[in-house]
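A short write-up of the structure that comes next.
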There are 4 protein chains.
Amino acid sequence: MENKILSIIETAIEKSRANSKGKVAGYIPELANVDPEKTQVSIKLTNGESITSGDHLDETFTLQSTAKLVVLIGLLEEYGLKKVQKWVRFEPSGSDFASIARLDQFGPYPSNPMLNAGAISLCSHIPGDFESQLRWLEKWVNKLFNSKLSIDQKVFASERRTGDRNRSLAYLLKSNGAIKGNIEEILETYFLLCSFKTTIEVSAYLPMLLANQGKSPDNQQIISKETAQITLAIMTTCGIYNESGTHLVHTGLPAKSGVSGIILASAIRKAGIAVMNPRVNAKGTSTRGQIILEHISKELDWHFASI
Amino acid sequence: MENKILSIIETAIEKSRANSKGKVAGYIPELANVDPEKTQVSIKLTNGESITSGDHLDETFTLQSTAKLVVLIGLLEEYGLKKVQKWVRFEPSGSDFASIARLDQFGPYPSNPMLNAGAISLCSHIPGDFESQLRWLEKWVNKLFNSKLSIDQKVFASERRTGDRNRSLAYLLKSNGAIKGNIEEILETYFLLCSFKTTIEVSAYLPMLLANQGKSPDNQQIISKETAQITLAIMTTCGIYNESGTHLVHTGLPAKSGVSGIILASAIRKAGIAVMNPRVNAKGTSTRGQIILEHISKELDWHFASI
Amino acid sequence: MENKILSIIETAIEKSRANSKGKVAGYIPELANVDPEKTQVSIKLTNGESITSGDHLDETFTLQSTAKLVVLIGLLEEYGLKKVQKWVRFEPSGSDFASIARLDQFGPYPSNPMLNAGAISLCSHIPGDFESQLRWLEKWVNKLFNSKLSIDQKVFASERRTGDRNRSLAYLLKSNGAIKGNIEEILETYFLLCSFKTTIEVSAYLPMLLANQGKSPDNQQIISKETAQITLAIMTTCGIYNESGTHLVHTGLPAKSGVSGIILASAIRKAGIAVMNPRVNAKGTSTRGQIILEHISKELDWHFASI
Amino acid sequence: MENKILSIIETAIEKSRANSKGKVAGYIPELANVDPEKTQVSIKLTNGESITSGDHLDETFTLQSTAKLVVLIGLLEEYGLKKVQKWVRFEPSGSDFASIARLDQFGPYPSNPMLNAGAISLCSHIPGDFESQLRWLEKWVNKLFNSKLSIDQKVFASERRTGDRNRSLAYLLKSNGAIKGNIEEILETYFLLCSFKTTIEVSAYLPMLLANQGKSPDNQQIISKETAQITLAIMTTCGIYNESGTHLVHTGLPAKSGVSGIILASAIRKAGIAVMNPRVNAKGTSTRGQIILEHISKELDWHFASI
């Protein structure tokens, strides 16, 4: 089986190399300088096996928006659905990931936790002061990726420097009463969240955990089944921003994308998948990643509605 | 198993009776005059068994927007995904089911086929003249519900009389080049589609077919697996309009609602579910239906991500 | 004085010829086939004198949206402000002349009578059947232009054929309860209104009447002072669609534009001005016309706030 | 004449007292605590005479958004129209005074300088550091009101404390490249601008100056005729936010409102008018003020299009 999967991955990567749509995110140098050809895939089966292929597999990238899953899962586990749904809604917005117009017209609460506004809002509910919040994030990142991840300090510094649109979102949330507290501190936490770095193999662990109802390959319940199901539901309708519907039609895989070019996807009962190529489309999602996920899903019959 | 399911259905109905949120749709007398307390549930297992409970189970209602599934499935089967996706997109719109603003700002093509604009657009692609289109609809309705359904002529007449918002949508689609042809004729077909009537037990057949990858209980492939999966993907992100995300978090069930109070939902690999109560919320979905689906899904562990 | 004005007009025309921004409206052949270089100006002083210059001055064009003034003025005269403001609002919309999104979000009533939706709405209030409405329009067109204008039947036929966006607006108005009656008949009247044809010299009479507080040069009160002032106020804030503010900063002249390239402008106490060139910008206004009006206003000190 | 005007003012105030629509702005205590019945009117004729009536005429209020005129005029005088129109547009937005949605959808530049976003943008172009900017503001405030005004420090402190929506606007402007510099410093300047305090009689001087083409009653050219005309044009289309069109239909007076309940209006060639009552409608404009201005304009025939 691993050999078959490896072969499918390699074919998918090869197929995707013909695609050069999308552009490497240019708003910070740490993203802008990544080789646009670098393409990586890793599949973590629910039995614990990893199958990985691609370029420079030991090089790290930052989680960016895929880390929004971490704060969502951590708060669901610690506070439960009832509280979390007071802080953020769970609807696809029909707008882009940083839409301020949407929030202004349909607020006060963010449409969903996969958007910047939603994740900023959730960050404001991480308990404690900035130091505690950093530790909280580290605890959850490490737990969900089964690995000790560190912050990319250059990315963190760049995100802070260029984060004016997120500042605008955060002050709008505050002026509408949707969040409280010191905005610069909340944003520090949010920028930290985006700046954890990892390898492609490590990053496939979280979507595997979700696909496996919250259990590790050795059958430990790392997060509750309910949290895993809620998170998958949110990924399904909101994870690829305003392409989530099209993504689901083509792949059948709940997923979450990040502007570094990473996409995490869950094949229910089967595996976690991580794909990475830095060329992202206008909506912030890796175009090669989409090609690869569609290929893998079709070849392995991993659509969420497959029997 | 059937006894357990019946008991769960009956508890769900009982629980839902405490809810009187939502209002019976009042725009046409045929909907307005339905008893707001009438509540019905039917589950069709993929093995063919039906478990049904509720009030006046032999009374019929019109499919309304759940019939949008019929035209989508018929066209997917006859023309394939590539053609259909030239006519309509597959994205949740973030707006209500008859939003003209959304179409004006993000067109020319409708956001998805579960919206009025999307279904009108698909109706314009049913082959042939009006008589042929009627026969085409009958063919597909009968196939997908495994039963001969007829048109409620009073509802059809009322829909035509009150359909000015749909006329506005249709002329906007035409003026943008998204559809061609005679608008009044296209709308006739669309109003026909909404006016098929059925019972609760019959209506559970279609979501069972989707849950079973397109196969009937006796293992006939009625529609292709691919069409079933695409349709489920679209229901998942768009079927409950701008509540689809919240619905999925609470039930984990791909579903489609109609303004008559019907909701059709698919429990992957397990069953089709039909629930009906005429009180619908501002977004056009049965409020008791949502309570019942959440209860059933939790008790039977029918979330799409359950193993 | 007439010589000075003629010289200013000729300089303005000359200056404008360097401009080739904008495009001849292409949605109907009768507009598309007009020579893009044809440029005409006429000034009608409140003392009755006409000063006219440009190309092919005896050729006619259709009033298009400048005729929206006619239905507004006629209804104000016959029904008064209180009634008219129940049918339409008087606010600049911030959106384009045929915005459906705006109407859907901020309706049910049109933002102002200079937009398509507003004029369609007013047309639904012209008394009588279609024949009476045609006579009503002729009466008011002839009165306000002091001349017998006729319908360009080819333009009328083309407008009807291509008017789907206006149909969409009209059905939306009806579905929201903002207008009543048969939509196709209301639109016939609206398309008639747009299809009156005239020469540049004749068309300057109406803005002169407004500039002169409703009086003809021989001091007859053709329309009331109040109606003239209300109409000028509406032209000032809404007449050049979503360029009205910029237009007023640059010219200081209340004005109304039409897609045939005509702009009518009123120099308070001084004159009516008509300019015509078929190249219109994306917002539906003659680009040469704007250059000419700015030149004339500055040279003659005709800003509304000049002493 | 003064006696006639005084009598008209007194009748207008009396008439307005029957109106209790609108609410005293509650977002800061200094505005919330003003007596809702306090009503004041002052007219400054272009010949220099003042006619003033109402309650507690020696009590001051803050200029709030009417001070947006000051920064606009100062920058027009010092940099000219060509530069200013690179920083801000001159179109009525169709949206409310602090709309972020509008700016997000139609930016990057603010629709007009009468909106919060527009005035914040202009504040970023006042030359020098914070101290210089304060002196610049004092210079222009004193010049335009012909009087030495001071800052209400309590209002200034409250505006800073509650200004999160303005922070959101400012960061959005910055993230779009429409403004540069330190946002907190720019907002300090903006909040200062809003916090100048004055009496009703003093505040009528600025609209008189505009009505008199920039000249003082003793015929000194205080600001250029061009600046006065541009400012009046902008007030006409944008001064009363998304009620500017309706306001102009009813009064014929270019005007600017502020949330303290002040409205400044210019009767071309005749006078400046200041009216004040703290009850403001949802759009931020004094409801009694509108009644009073309409009465005065009609009685004195001060519509901009009157001869």
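The values are calculated or read from the model by the stated rules, or taken from the named source; none is laboratory data. Computed from a prediction, not measured in an experiment: that's the story for all the values here. Here Cβ is always computed from backbone atoms with ideal geometry, including for glycine, and neighbour counts include all displayed protein chains.
Numbers for the structure displayed
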read-out	value
Selection within the range D:103-155 - within 14 Å of another protein chain (Cβ to nearest Cβ) and surrounded by fewer than 22 Cβ atoms within 10 Å (Cβ to Cβ)	D:105, D:106, D:107, D:108, D:109
Test: residue in the range B:283-294 that is in a strand (DSSP E or B), in contact with a strand residue (DSSP E or B) (Cβ under 8 Å, 6 or more places away or on another chain) and buried (at least 24 other Cβ atoms within 10 Å of the Cβ)	yes
Among (1) touching a helix residue (DSSP H, G or I) at 6+ places or on another chain (Cβ under 7 Å); (2) in a helix (DSSP H, G or I) - the single one residue A:102 does not satisfy	(1)
Flag if residue A:9 is modelled with pLDDT of 95 or more and closer than 19 Å to residue A:258 by Cα	no
Residue within the range D:110-132 that is at pLDDT below 95 and touching a Ser or Thr at 6+ places or on another chain (Cβ under 9 Å) present	yes
Top-ranked residue of the range C:172-219 - restricted to ones that are within 20 Å of residue C:260 (Cβ to Cβ) and not in a helix (DSSP H, G or I), ranked as nearest to the other protein chains (Cβ to nearest Cβ)	C:204
Qualifying residues in the range B:216-227 (those that are touching a residue at least 24 places away in the same chain (Cβ under 8 Å) and not β-branched (Val, Ile, Thr)) - the one surrounded by the fewest Cβ atoms within 10 Å (Cβ to Cβ)	B:218
Criterion (surrounded by 24 or more Cβ atoms within 10 Å (Cβ to Cβ), under 20 Å from residue B:245 (Cβ atoms) and of a type in the set (D, E, K, R)) met by exactly one of A:83, A:68	A:68
Residue in the range A:191-207 that is of a type outside the set (Lys, Arg) and over 18 Å from residue A:62 (Cβ atoms) present	no
Residue within the range A:274-286 that is within 26 Å of residue B:210 (Cα to Cα) and within 14 Å of chain B (Cβ to nearest Cβ) present	no
Residues satisfying the stated conditions in the range B:180-213, i.e. without any contact (Cβ under 8 Å) to a residue 24 or more places away in the chain and buried (at least 21 other Cβ atoms within 10 Å of the Cβ)	B:183, B:213
Residue that is within 17 Å of the chain's Cα centre (by Cα) and more than 20 Å from residue D:203 (Cα to Cα), where the choices are D:119, D:98	D:98
Residue in the range B:269-282 that is nearest to residue B:158 (Cα to Cα), counting only those that are part of a strand (DSSP E or B) and out of contact with any Gly (no Cβ under 8 Å at 6 or more places or on another chain)	B:274
Flag for residue D:166 being buried (at least 22 other Cβ atoms within 10 Å of the Cβ) and within 14 Å of chain A (Cβ to nearest Cβ)	yes
Any pair with Cβ under 9 angstrom, 6 or more apart, that starts in the range A:145-160 at a residue that is closer than 21 Å to residue A:33 by Cβ and small (Gly, Ala, Ser) and ends at one that is assigned to a strand (DSSP E or B) and modelled with pLDDT under 95	none
Flag for residue A:4 being surrounded by fewer than 15 Cβ atoms within 10 Å (Cβ to Cβ) and in a helix (DSSP H, G or I)	yes
Out of B:272, B:258, sole residue that is touching a residue at least 12 places away in the same chain (Cβ under 8 Å), surrounded by 24 or more Cβ atoms within 10 Å (Cβ to Cβ), within 22 Å of residue B:48 (Cα to Cα) and not hydrophobic (A, V, I, L, M, F, W, C)	B:272
Given (1) assigned to a helix (DSSP H, G or I); (2) at positive phi, number of the condition residue A:56 does not satisfy	(1)
Out of C:260, C:266, C:297, C:306, sole residue that is assigned to a loop (DSSP other than H, G, I, E, B) and at pLDDT 95 or above	C:260
Residues located in the range C:231-242, provided they are assigned to a helix (DSSP H, G or I) and more than 7 Å from chain D (Cβ to nearest Cβ)	C:231, C:235, C:241
Of all residues making up the range D:252-273, the number that are under 23 Å from residue C:106 (Cβ atoms) and within 11 Å of chain C (Cβ to nearest Cβ)	0
Scope the range B:37-73; condition under 23 Å from residue B:235 (Cα atoms) and either without any contact (Cβ under 8 Å) to a residue 24 or more places away in the chain or in contact with a Pro (Cβ under 7 Å, 6 or more places away or on another chain) (or both); matching residues	B:46, B:47, B:48, B:68, B:72
Qualifying residue in the range C:260-268 (condition: more than 21 Å from residue C:34 (Cβ to Cβ) and over 14 Å from the mean Cα position of the chain (by Cα))	yes
Residues within the range A:183-221 that are touching an Asp or Glu at 6+ places or on another chain (Cβ under 9 Å) and over 22 Å from residue A:150 (Cα atoms), tallied	3
Selection from the range B:159-186 of residues that are in contact with a Cys (Cβ under 8 Å, 6 or more places away or on another chain) and not β-branched (Val, Ile, Thr)	B:159
Any pair with Cβ under 7 angstrom, 6 or more apart, that starts in the range C:74-97 at a residue that is more than 14 Å from every other protein chain (Cβ to nearest Cβ) and ends at one that is surrounded by fewer than 18 Cβ atoms within 10 Å (Cβ to Cβ) and assigned to a loop (DSSP other than H, G, I, E, B)	C:77/C:224
Number of the exception - residue D:300 against (1) over 20 Å from residue D:111 (Cβ atoms); (2) aliphatic (A, V, I, L, M); (3) within 16 Å of the chain's Cα centre (by Cα)	(3)
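Okay, residues lined up against (1) polar (S, T, N, Q); (2) surrounded by 14 or more Cβ atoms within 10 Å (Cβ to Cβ):
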| residue | (1), (2) |
| --- | --- |
| D:8 | no, yes |
| D:14 | no, no |
| D:20 | yes, no |
| D:25 | no, yes |
| D:33 | yes, no |
| D:38 | no, yes |
| D:44 | no, yes |
| D:49 | no, no |
| D:64 | yes, yes |
